[in-house]
Amino acid sequence: MKAVDVKGKSRSSQRMSEIQPFHVMALLARARELEAQGRSIIHMEIGEPDFPTPQPVIAAGIRALQQGNIYYTPALGLPQLREAIADFYLQRYGLRISPTRIIVTPGASGALLLALGIVLNPGERVLMSDPGYPCNRHFVRLFESLPVGIGTSAATGYQLTSELIAQYWDTSTAAVMIASPTNPSGTLLDQENLRRIVEKVQALGGTLIADEIYHGLVYQGEAATALSMSDEVFVVNSFSKYFGMTGWRLGWLVAPESHVRDADKFAQNIFLAASTPAQYAALAAFQPDTIGILEQRRAEFQRRRDYLLPAVRELGLYVPINPQGAFYLYADCSRFSNNSEAFASEILERAGVAIAPGVDFGGHEARRHVRFAYTTSLENLIEGVRRLETFLHKI
Ligand SMILES: Cc1ncc(COP(=O)(O)O)c(C=O)c1O
């Protein structure tokens with residue numbers, strides 16, 4: 001029941017006042033407004049692939065609906081899909097993961113919620129990189145726990161290190177969240193640093209939650225999975241990005257065997273199960289023909305990155321290290337502005353290019369950074385850079 005105040009009006013929890021909306025959403029709304037007025041806008045603000053879901057997946061989804069596959073699945077997910085995901089770990093990483101440890105969720109978002117809900121007590125601290133994926137700190141707050149953003153820079157590839165974790169650890173710290181490749185900078189944790197983090201968190205008695213949603217979208221080096229280093233970590237992944245299924249709302253969590261019963265009862269209570277048609281559709285996501293399509297797209301993302309990275313540097317925006325994955329560039333814009341929000345808004349209004357302000361990803365040097373998403377065609381990126389060149393020369 002909704003709480004009602006003395007004047008009879010619905011009220012909001014204090015938690016709501018602590019949750020920030022994405023600035024980029026306001027920017028996107030303004031971009032749509034300008035488009036409705038006839039302006040052309042180049043979209044580099046959106047963190048989702050511009051490619052449609054691969055055809056074999058769509059066909060499997062339609063078949064599922066036609067065959068009446070619309071009833072709840074078990075809370076842990078469709079058994080065939082859990083097996084298909086386990087097989088994917090064997091094919092991709094040469095790792096044997098028991099399907100019993102795989103929990104199908106409504107997106108990586110559902111997996112993050114499950115993992116945090118299983119692990120956290122009120123008042124406990126969770127370490128994470130700042131900049132980082134903005135929802136993480138709000139997820140942590142949902143469980144009455146404390147997100148601790150650790151300022152990271154290009155010096156550590158915008159990633160936590162085992163030294164930073166040791167430095168910020170205290171007796172009330174329960175968990176560490178990492179992502180590789182990461183949002184907003186697209187940087188990877190290499191095998192050695194990941195191993196050191198896994199070992200450090202375990203030595204400190206904490207829990208590691210590794211977000212591997214951008215695995216598969218790697219253009220340089222290799223993304224190591226935390227699962228190859230320990231069975232006692234929580235690994236989050238999703239069909240959203242590499243598989244091009246953002247709106248289907250489907251992801252997964254790999255949990256330590258000892259936490260699967262908790263995951264089951266928690267999933268039953270918070271979302272019952274992930275979408276049934278989406279789960280049937282995802283059975284086609286690992287087929288060779290689908291993987292063929294996805295690998296072509298990965299090559300296209302790489303082409304875009306290889307164009308945009310030098311072009312953005314040429315514009316005078318500083319990108320200190322090469323992003324190895326995802327579809328983002330995180331650029332220092334301080335040569336032009338120390339207010340990324342105002343800068344992004346001015347670029348939108350005057351140059352017709354939409355990018356995300358750093359303030360969406362935390363507080364650490366956020367006002368001097370912006371994020372470019374190369375989730376639009378190479379032609380659009382070239383046109384966007386041309387417009388930015390004209391605009392920035394006037395500043
Ligand atoms: C690092 C990271 N984790 C999780 C998510 C949420 O993804 P999903 O659509 O699978 O819920 C995103 C979405 O942008 C993300 O960037």
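Values for this structure:
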| item | result |
| --- | --- |
| Qualifying residue in the range 372-386 (condition: without any contact (Cβ under 8 Å) to a residue 40 or more places away in the chain, under 26 Å from residue 218 (Cβ atoms) and part of a helix (DSSP H, G or I)) | yes |
| Breaking point among (1) within 9 Å of the ligand (Cβ to nearest atom); (2) not in a loop (DSSP other than H, G, I, E, B), for residue 260 | (1) |
| Residue match in the range 234-247 (condition: in contact (Cβ under 8 Å) with a residue 24 or more places away in the chain and over 16 Å from the mean Cα position of the chain (by Cα)) | no |
| Qualifying positions in the range 263-290 - surrounded by 15 or more Cβ atoms within 10 Å (Cβ to Cβ) and closer than 24 Å to residue 136 by Cα | 263, 264, 266, 267, 271, 273, 274, 275 |
| Residues (under 15 Å from residue 286 (Cβ atoms), touching a residue at least 60 places away in the same chain (Cβ under 8 Å) and more than 16 Å from the ligand (Cβ to nearest atom)) located in the range 96-117 | 97 |
| Tally, over the range 118-152, of residues that are part of a loop (DSSP other than H, G, I, E, B) and either within 14 Å of the ligand (Cβ to nearest atom) or in contact with a Pro (Cβ under 8 Å, 6 or more places away or on another chain) (or both) | 8 |
| Residue check, residue 385 farther than 30 Å from residue 148 by Cβ and in contact with a helix residue (DSSP H, G or I) (Cβ under 6 Å, 6 or more places away or on another chain) | yes |
| Matching entry among 64, 59, 75, 29 (being under 23 Å from residue 184 (Cα atoms), aliphatic (A, V, I, L, M) and more than 16 Å from the ligand (Cβ to nearest atom)) | 29 |
| Single unsatisfied condition, residue 90 versus (1) within 21 Å of the chain's Cα centre (by Cα); (2) within 27 Å of residue 253 (Cβ to Cβ) | (1) |
| Output for the range 153-169, where each listed residue is away from the ligand (no atom under 15 Å from the Cβ) and touching a strand residue (DSSP E or B) at 6+ places or on another chain (Cβ under 7 Å) | 164, 165, 168 |
| Hits in the range 234-257 (condition: under 18 Å from residue 175 (Cβ atoms), within 16 Å of the ligand (Cβ to nearest atom) and part of a loop (DSSP other than H, G, I, E, B)) | none |
| Sole exception among (1) at pLDDT 95 or above; (2) over 30 Å from residue 69 (Cα atoms); (3) touching a Gly at 6+ places or on another chain (Cβ under 8 Å) for residue 321, by number | (1) |
| Given (1) assigned to a helix (DSSP H, G or I); (2) touching a residue at least 40 places away in the same chain (Cβ under 8 Å), number of the condition residue 86 does not satisfy | (2) |
| Qualifying residue in the range 306-325 (condition: assigned to a strand (DSSP E or B) and surrounded by 19 or more Cβ atoms within 10 Å (Cβ to Cβ)) | yes |
| Any pair with Cβ under 6 angstrom, 6 or more apart, that starts in the range 58-75 at a residue that is surrounded by fewer than 13 Cβ atoms within 10 Å (Cβ to Cβ) and ends at one that is assigned to a loop (DSSP other than H, G, I, E, B) and modelled with pLDDT of 95 or more | 72/272; 72/273 |
| Of all residues in the range 199-225 being touching a helix residue (DSSP H, G or I) at 6+ places or on another chain (Cβ under 6 Å) and not in a loop (DSSP other than H, G, I, E, B), the one that is farthest from the ligand (Cβ to nearest atom) | 200 |
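Yes/no per residue for (1) surrounded by fewer than 24 Cβ atoms within 10 Å (Cβ to Cβ); (2) touching a Phe, Trp or Tyr at 6+ places or on another chain (Cβ under 7 Å):
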{"site": "167", "(1), (2)": "yes, no"}
{"site": "179", "(1), (2)": "no, yes"}
{"site": "185", "(1), (2)": "no, yes"}
{"site": "197", "(1), (2)": "no, no"}
{"site": "202", "(1), (2)": "yes, no"}
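The values are calculated or read from the model by the stated rules, or taken from the named source; none is laboratory data. Since we're looking at a predicted model, the values are computed, not measured. Cβ: placed from backbone, ideal geometry, glycine included. Neighbour counts: every protein chain shown.
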